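Down below is the structure, laid out as structure tokens.
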Amino acid sequence: MMRYTVVRGGLGLLTVRRAVLSPRFSHSSPRSEYRPIKKVMVANRGEIAIRVFRACTELGIRTVAVYSEQDTGQMHRQKADEAYLIGKGLPPVAAYLDIPNIIQVAKDNNVDAIHPGYGFLSERSDFAQACVDAGVMFIGPSPETVRKMGDKVEARSLAISAGVPVVPGTDSPISCLQDAQVFAETYGLPIIFKAAYGGGGRGMRVVREYEELEENYQRAYSEALSAFGNGSLFVEKFIEKPRHIEVQILGDKYGNVIHLYERDCSIQRRHQKVVEIAPAFQLDPHLRNRLHTDAVNLAKQVGYENAGTVEFLVDRNNKHFFIEVNSRLQVEHTVTEEITDVDLVHAQLHVCEGRSLPELGLKQDKIRVNGCAIQCRVTTEDPARGFQPDTGRIEVFRTGEGMGIRLDSASAFQGAVISPHYDSLLVKVIASGKDLQTAASKMSRALAEFRVRGVKVGHSAANISKKWGGGGVIKK
């Protein structure tokens, strides 16, 4: 039954649309300590920081931003109730990886909980543990779960224990080039190197010829070391032209786990997702059910709490293989929100406080798919130079808007200075409609309305073919 409740924090005229109950009304599950969150820090920057700030404001929660010296003028600093400099004297990225400084700022300013966003420290178990040790809630899984899921080899072992199929690969990180050579000789080419302690396409190299093995091993190691501080790699058999399907999961402190259906992230460039679609189009119903079941079973196997994503590859024969769990909110969480009407950041906050999924109205049989949503990323990259990042000042900025269009951004405005130090994402464009064709038409129209001058831009997507068999058609 739909209930309405007044949002706390003095916003008396606002109501929560979904069923969110006060703890005193809960009779559905045993109660652990309920700890209301009054102030949240986001240990991140850009659009994801603003996304979390907005959710907190809707719930009457005070917000805290942190920023590097290079981010003094960035919009996420302006959107928070409070903002504090971190990493003074450190390089731009290192500032957001300075765990002691971030924790100290949180303690000095009475922060109740820290949201890690995505990237940076979001999948670092030592950061999650540092929050717990400081008496600050970590808005995500437990440190132990983050550690298990962050170790791709251990996550693979857990998947096998849960009965989830995996791609043939090494059981532990390889220690030298010779280990990779032995694997290649055993399973044949192509193979793929992957970072053992990170994701997002970094530290990934495909080897198709034996002559490329040493060079790609060294490159993958260097990329992993630079991105994650650990160059450990593992090796898998490379599946040619798979579909990349991921399942959104949500768990609470009481063992309840649900899925919020799947996203198709098959359209990628250099192992980086550029277009995401929910739900996956023309997916065999039996395969869809197996993906959902395996994702939930794996999450229950590790006692998963909060939001996460279980990622799979699907080959040409509709066989699926587990590849990893991202123990955080994904860049593409937006499309899931659009088709399920579940605010994932609200859910993260409530679960962190100690509320159960049933009392939040989040039961599996209540989650329904409504229509289709597509996300595309407008980035400051130059298509003429192989999508190399571009920098400078935005002189003209006009967006595409209208019915069925959602824009999540941070630095997308006239006069904004695009830094060379961080990700090139300018704005996420999310189009939703009653079906894929409707959503794709809205996306094409919205992207055509964009006008950006001063920096080069590329966008992922525009025309998703109705016949998925040949893959999506990307217009850049």
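Rounded to the nearest percent, how much of the accessible area of the chain (1.4 Å probe, protein heavy atoms only) is carbon and sulfur? The nonpolar share, carbon plus sulfur, comes to 49 percent. Taking a ≥ b ≥ c as the square roots of the Cα gyration tensor eigenvalues, with a/c under 1.5 meaning rounded and otherwise prolate when a/b beats b/c, else oblate, which class fits segment 151-205? Note, shape of segment 151-205 comes out oblate. Between Glu212 and Ser226, the contour length at 0.36 nm per residue exceeds the alpha carbon distance by 2.9 nm.
Here the calculated FRET efficiency for Phe413 and Asp341, from their Cβ-Cβ distance with R0 = 25 Å, stands at 0.30, rounded to the nearest 0.05. Projecting label points 7 angstrom from Cα along Cα→Cβ for Gln364 and Lys300 puts them 0.6 nm apart. Inverting the pair-averaged 1/r between distinct Cα atoms of segment 315-365 gives 13.3 Å as its Kirkwood hydrodynamic radius. Within segment 339-438, report the trypsin sites (Lys or Arg not before Pro) that DSSP leaves as loop and that have at most 12 other Cβ atoms within 10 Å. Those that pass, being in a loop and sparsely packed, are Arg368, Lys434.
Computed extension gain for Asp108 through Arg316, at 0.36 nm per residue and net of the alpha carbon distance, reaches 69.4 nm.
Modelled label positions at Glu395 and Asp284, each set 7 Å beyond Cα in the direction of Cβ, lie 5.4 nm from each other. Approximating the spin labels as points 7 Å out from Cα along Cα→Cβ, the Ala448-to-Glu33 distance works out to 5.8 nm.
When the trypsin sites (Lys or Arg not before Pro) in segment 245-291 are filtered for DSSP coil states and for at most 16 other beta-carbon atoms within 10 Å of their beta-carbon, the remaining sites are Arg270.
For the chain, relative contact order (Cα pairs under 8 Å, six or more residues apart, normalised by length) works out to 13 percent. The residues of the chain expose, per residue, 43 Å² of accessible area to a 1.4 Å probe. Annotation for segment 164-220: GluC sites (Glu not before Pro) lying in DSSP loop with at most 10 further Cβ atoms inside 10 Å of their Cβ are Glu209. Label segment 349-469 by shape, choosing from rounded, prolate and oblate, from the square roots a ≥ b ≥ c of the eigenvalues of the Cα gyration tensor; if a/c is under 1.5 it is rounded, and otherwise prolate applies when a/b is larger than b/c, oblate when it is not. It is oblate, given that a/c is not under 1.5 and a/b is not larger than b/c. Report the Stokes-Einstein translational diffusion coefficient (µm² s⁻¹, integer) for segment 106-254, Rh taken as the Kirkwood radius over Cα pairs, at 37 °C with viscosity 0.692 mPa s. Rounded to a whole number, D works out at 193 µm²/s.
Starting from the Cα gyration tensor of the chain, take the square roots of the eigenvalues, sort them a ≥ b ≥ c, and report rounded, prolate or oblate (rounded when a/c is under 1.5, otherwise prolate if a/b is larger than b/c, else oblate). In terms of gyration-tensor shape, rounded. Across all directions, the shadow cast by the convex hull of segment 219-301 built on its C-alpha atoms averages 7.6 square nanometres.
The values are calculated or read from the model by the stated rules, or taken from the named source; none is laboratory data. Being a predicted model, the structure only gives us computed values, none of them experimental. Positions of Cβ are backbone-derived with ideal geometry, glycine not excepted, and every protein chain shown enters the neighbour counts. These accessible areas exclude ligands, DNA and RNA; they are computed on the full protein's heavy atoms, side chains included. Shrake-Rupley method; radii C 1.70, N 1.55, O 1.52, S 1.80 Å.
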